[in-house]
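What follows is a short report on a single structure.
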Amino acid sequence: MSGLREDLRISWRRLAARPAASAAAILALALGIGFSTANYSVADAILFHPLPVPDIDRVVVIGLRLEASPDDFRSVPPADFSLWTSSSRTFQSIAADRRWFATFTGSGEPLQVQGALVNAAFFDVMQLRPALGRFFTAEEEHPGHDNSIVLNYHLWERQFAADPAIVGRTVQLSGRSFTVCGVLPKGLNFPRGAEFLAPLAWEPGAWADSSSFVLHVTARLRDGASLPQARAEFDSFTRASAAQYPATHSHVTANLVPLRERASGGHAAGYIRILIAAVLFLVLIACLNVANLQLARILARGREMAVRAALGASRLRIARQVLVESLLLSAAGALLGVLTASWALDYIRALIPPEFIRFLPGWSSLGLNRWVLTWTALTAAAAGILSALAPVAWLNRASLAPSLHESGRSSTTGTTRGRLRTSLVVFETSLAVVLLIGAAVMVRSFGAIDGLDVSNDPRQALTFRLSLPESRYPGSAAAARFQNDLLTRLQALPGVRGAAIVSNLPGSGSANSAFVTVEGRPAERGPGAVSQAQSISPSYFHTLGLPLVEGRAFNPSDGRDTAQVAIVSQAFARRFFPAASPLGRRVHLGDGNWLTIVGLAADVLHDYGDRHPLPIVYRPAAQFTWNSFDALVATSGDPSSLASAVRRAVHDTDAAQPVYLLRSFDRLLRDNTFGIAFVASILAALGAVALFLSLLGVYSVMACVVAERTREFGVRLALGARRASLLWLVLRSGLLIAAASLLLGLPAAFAVLHLLRGFIFGVSPYDLSVFAGVPAVLSAALAAACLLPAWRATRTDPITALRYE
Amino acid sequence: MKSMISLRNVDKYFQQGPERFYVLRRVTLDIKPGEFVAVMGPSGAGKSTLLHVLGMHDTAWSGEYLFLDQPIHQLDRKKRLEIYKKYFGFVFQSYHLLDDLTVAENLDVPLSYRDIKKSERQAIVADILDRFRIVGKKDLFPSQLSGGQQQLVGVARAIVANPKIILADEPTGNLHSSQGAEIMEMFKQLNEEGATIVMVTHSETNAAYAHRIVRIVDGWIEQQ
Ligand SMILES: Nc1ncnc2c1ncn2[C@@H]1O[C@H](COP(=O)(O)OP(=O)(O)OP(=O)(O)O)[C@@H](O)[C@H]1O
Ligand SMILES: [Mg+2]
């Protein structure tokens, strides 16, 4: 081991002797390792350790999907849940939960809190221990006994200042009293967004309902049972349900997904995998950079190394020396990388709006924890070894050259090592091409989905959501009256151009859907018979800026006692009435209530994930009233200046009604595309770093090349070369590197984007502007990186160059 | 006859610490068109330096240099380059072949800097390979040649662009005597066809081909 200590000492001396090259190598590694560490910690929070649940890989979420669409994931009717709990042999416990927006009263302003109703099996499935108190039991799931609630840690901290005396306290939720019986462990933010859990207490009859798709199901696999076995079992369950309830369950099958995949929302796991792949690219790019710098370092001692290597015995020793140098560099890179990562994490934390954090269960544990630091250490070690690989391989081959040419005259190794170095930098740059193109497509995609095709500017509109409790507003007439009163007040506000109610705003991420039956045709229940259903106030189209193509808008006289009417979207008309105008035709939405179509509205993309506008049927909110709805207020200036007036209008309509999610419409749209924005901005940062690293690589290779070719440039000048021709000579090799990298990188990028097409919305994955723009930018940047070395080449003084011997 | 090359009081020195180390002292030299001059002197005397001054590779000196009445010491780099390309061919003492180019490609380099069409260049290279009897070596790299063969290529490269004046720094230093004689015969023939030749040599035999011998010692020209 004393040899190792000596190696370390010598390595240190050598690295210190060439501070610029060492600094470049450490910078490359610090960036590569730093960004990979930051991203790994995001991955850790969202994918690897999203929840503090023991054996999380045994926990599965179960939804329903249409046979035709594998990515579909729908909530489950109580009847299915009942069948599964009574019959499943592959799961040891199965839990159901349902979202509950409750109004929390008693301490100042009424507060809208999202919670969940769960059955007691939930605690078995999660295998949790309370941070405080106890969880509720199966006895408390029965109506009349369901008075206990469990708070999550976050709500307990935020609303009750982490008071340990909370257990036993009584709180008011939507007009009902509950006793707090316990607090969930820290970091358990599940079901997503829920801040408290109350018992899911239904009358036994309610559990037979097969048509309300409302429950979220989680389950823990029994010991010895596997996910494929469970899937097979659930296939048989859904086949039975399809036979039993053909109206609602035909073509419907179960979708069983590991909890880890969905804990942070639909696309999150996929996006995280994209980021991890991007980061591995980046680390590889950094390694190739360092390999090249190491190679140059060794070549600078070329003769000595070659002679030593020729002696045979010291070859291993030289390899070890190189490895120690590389590991030393990567250790320094890792130290700086951790600093880079903590800085990058601050940036990433700032990217996420606070109200989103509830939906990312693991976010509270984001940071440089032990898993993340282990990853850092492993990457650094791998980077050290990887970057030593090429130089060591070269040494092994190079050892033959001087023994063949005893005289030690100039040999052809000049070209071979040049080729090796060029291939390394070409490989590096082609990886950067893939990363850049991927990032650019993501950024374009985000830009494309950010907008909505309506004529009123979303930046000049305010939105909020209301949820009228059934206890205060029994029956739809009361809710409709509330909506009318509210709209009257809102429209009277100065600066308001229009106000409207809609069950779910486009871009809000939620939608109601229904099976459509057309008069005179048999009832269909396939996926092709589904339409979104919206309940709107007459002012909706005008307020949103969505044109009516044909027919009439709703008007205040379309009331509870007049004929039931509907307006349909163009996509609806294309789907259900491809041949003729839908006006005057009648449809019903599964309940047998015939609606006469009186208008045709332009299409609007409700959710960017849909890619194409889906059919929508609009009904007057007065004829079909939802207790939960979005309000949209079009303003003539900055909408935020109206926020307090809007709050007051709601307060004046019903003082007990909290306003939920008050924000500009523009903000709502951006919030909904937040995941892809997040990924796009991180990928853009990674792409920029990759570009920088490959420029650094090209620059250092060119600088070496120019230094090595000084004599050649001198000879050429002495033979009559113009200095501009030397400039071109160097620039040309830079452009050749760019061309070769593009030749390799573009097809690879094409293939990668083909794999990622499911995550790209609004633009083609093979977007022409990206596939043309990135090569142009890259070539220009590479040429720029060659300029300084090239300029140095033209400064060659022939007489000193020719003196080189 | 008027001089082709005319040096007046050319001084060249290297600064070594506080001291100036002179390599050329008040060199005054005239070379007429069509002359064949041998430059001789001990090692380190400044022969190569003189040749590089003549060949305009070295411009860091003081004094006057007239080439066909043009004041080289006053011309800018571009003008000098033009003159060089038009008139000069240079044989380097240490060959200075380009390692990454084959023999044929090395011979093509001076032509490529002189606005000559590709097809014509190929013909010229073929011709010169033939004249030096190295056709068989045309695709080899310099590292695959012996020292003497490299020197032969160096000489061939100097005359490939048909220069009016050939500056040759020990063109036969590494050659077998019969090969050396062959080169000398070639120089003699080129000289008879009109080329001016300035050749550094240690060999009295080679010097005998010249019309005139210029001796240089410690940077001083010995006047005859
Ligand atoms: N860059 C330099 N710095 C200092 N001295 C130099 C430099 N280049 C050349 N010299 C000196 O200039 C003197 C003349 O060198 P030059 O190459 O002209 O000699 P030479 O007559 O060609 O010798 P040889 O017959 O060995 O080729 C030598 O003493 C040499 O050491
Ligand atoms: Mg010399």
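The values are calculated or read from the model by the stated rules, or taken from the named source; none is laboratory data. Nothing here was measured: the structure is a model prediction, and the numbers come from that model. Note that each Cβ is placed from the backbone with ideal geometry, even for glycine, and that neighbours are counted across all protein chains shown.
The table for this structure:
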{"read-out": "Segment B:75-94, residues that are of a type in the set (Ser, Thr, Tyr) and out of contact with any Lys or Arg (no Cβ under 9 Å at 6 or more places or on another chain)", "value": "B:Tyr84, B:Ser94"}
{"read-out": "Qualifying residue in segment B:86-97 (condition: within 11 Å of another protein chain (Cβ to nearest Cβ), over 25 Å from B:Ile5 (Cβ atoms) and either surrounded by 18 or more Cβ atoms within 10 Å (Cβ to Cβ) or small (Gly, Ala, Ser) (or both))", "value": "yes"}
{"read-out": "Selection from segment B:26-80 of residues that are within 16 Å of ligand 2 (Cβ to nearest atom) and within 14 Å of chain A (Cβ to nearest Cβ)", "value": "B:Gly44, B:Gly46, B:Ser48, B:Thr49, B:Leu50, B:Leu51, B:His52, B:Val53, B:Leu54, B:Gly55, B:His57, B:Asp58"}
{"read-out": "Residue tally, condition crowded, with 17+ Cβ neighbours inside 10 Å and at pLDDT below 90, over segment A:137-151", "value": "3"}
{"read-out": "Residues within segment A:164-197 that are of a type in the set (Val, Ile, Thr) and over 17 Å from A:Val118 (Cα atoms), tallied", "value": "4"}
{"read-out": "Checking A:Arg525 against (1) at pLDDT 90 or above; (2) of a type outside the set (Ser, Thr, Tyr); (3) part of a loop (DSSP other than H, G, I, E, B), the condition it does not meet", "value": "(1)"}
{"read-out": "Of all residues in segment B:204-224 being of a type in the set (D, E, K, R) and within 29 Å of B:Asp11 (Cβ to Cβ), the one that is farthest from ligand 2 (Cβ to nearest atom)", "value": "B:Arg212"}
{"read-out": "Subset tally (residues that are touching a helix residue (DSSP H, G or I) at 6+ places or on another chain (Cβ under 9 Å) and outside any strand (DSSP E or B)) for segment A:489-520", "value": "12"}
{"read-out": "Wholly within segment A:193-309, strands (runs of 3 or more DSSP E) carrying at least 2 residues that are farther than 30 Å from A:Asn147 by Cβ and of a type in the set (S, T, N, Q)", "value": "A:252-258"}
{"read-out": "Condition met for B:Asp108 (part of a loop (DSSP other than H, G, I, E, B) and within 12 Å of chain A (Cβ to nearest Cβ))", "value": "no"}
{"read-out": "Residue match in segment B:116-134 (condition: free of Cβ contacts under 8 Å to residues at least 60 places away in the same chain and within 12 Å of chain A (Cβ to nearest Cβ))", "value": "yes"}
{"read-out": "Those residues of segment B:60-89 which are within 14 Å of ligand 1 (Cβ to nearest atom) and modelled with pLDDT under 90, in sequence order", "value": "B:Ala60"}
{"read-out": "Search result, residues across segment A:207-223 that are modelled with pLDDT under 90 and out of contact with any Ser or Thr (no Cβ under 9 Å at 6 or more places or on another chain)", "value": "A:Asp209"}
{"read-out": "Enumeration of residues in segment A:172-198 that are more than 24 Å from the chain's Cα centre (by Cα) and within 13 Å of A:Phe101 (Cβ to Cβ)", "value": "A:Leu173, A:Ser174, A:Phe196, A:Ala198"}
{"read-out": "B:Ile116 being at pLDDT below 90, away from ligand 1 (no atom under 16 Å from the Cβ) and of a type in the set (A, V, I, L, M)", "value": "yes"}
{"read-out": "Some residue of segment B:91-102 being of a type in the set (Phe, Trp, Tyr), within 16 Å of ligand 2 (Cβ to nearest atom) and under 27 Å from B:Lys188 (Cα atoms)", "value": "yes"}
{"read-out": "Search result, residues across segment B:164-183 that are in a loop (DSSP other than H, G, I, E, B) and either within 16 Å of ligand 2 (Cβ to nearest atom) or at pLDDT below 85 (or both)", "value": "B:Glu170, B:Pro171, B:Thr172, B:Gly173, B:Asn174, B:Leu175, B:His176"}
{"read-out": "Matching residues in segment B:132-149 - criterion: being at pLDDT below 90 and in a helix (DSSP H, G or I)", "value": "B:Pro142, B:Ser143, B:Gln144, B:Gly147, B:Gly148, B:Gln149"}
{"read-out": "Hits in segment A:754-805 (condition: buried (at least 16 other Cβ atoms within 10 Å of the Cβ), within 14 Å of chain B (Cβ to nearest Cβ) and part of a helix (DSSP H, G or I))", "value": "A:Thr794, A:Pro798, A:Ile799, A:Ala801, A:Leu802"}
{"read-out": "Only listed residue being in the same structural domain as A:Phe446 (by TED's automatic domain parsing) and at pLDDT below 85, chosen from A:Val689, A:Val701", "value": "A:Val701"}
{"read-out": "Complete set of residues in segment A:690-716 that are surrounded by fewer than 24 Cβ atoms within 10 Å (Cβ to Cβ) and more than 14 Å from every other protein chain (Cβ to nearest Cβ)", "value": "A:Leu691, A:Phe692, A:Leu695, A:Leu696, A:Tyr699, A:Ser700, A:Ala703, A:Cys704, A:Ala707"}
{"read-out": "Candidate set: segment B:192-203, residues that are away from ligand 2 (no atom under 14 Å from the Cβ) and surrounded by 19 or more Cβ atoms within 10 Å (Cβ to Cβ); chosen: the one farthest from the chain's Cα centre (by Cα)", "value": "B:Ala195"}
{"read-out": "Selection status of A:Arg99, touching a residue at least 40 places away in the same chain (Cβ under 8 Å) and not assigned by TED's automatic domain parsing to the domain that holds A:Val650", "value": "yes"}
{"read-out": "Pairs, first within 8 Å of chain A (Cβ to nearest Cβ) in segment B:137-149, second of a type in the set (A, V, I, L, M, F, W, C) and crowded, with 18+ Cβ neighbours inside 10 Å, C-beta under 7 Å, six or more apart", "value": "B:Pro142/B:Leu97"}
{"read-out": "Considering residues of segment B:166-212 that are β-branched (Val, Ile, Thr) and either within 20 Å of B:His52 (Cβ to Cβ) or within 14 Å of chain A (Cβ to nearest Cβ) (or both) only, the residue nearest to ligand 1 (Cβ to nearest atom)", "value": "B:Val200"}
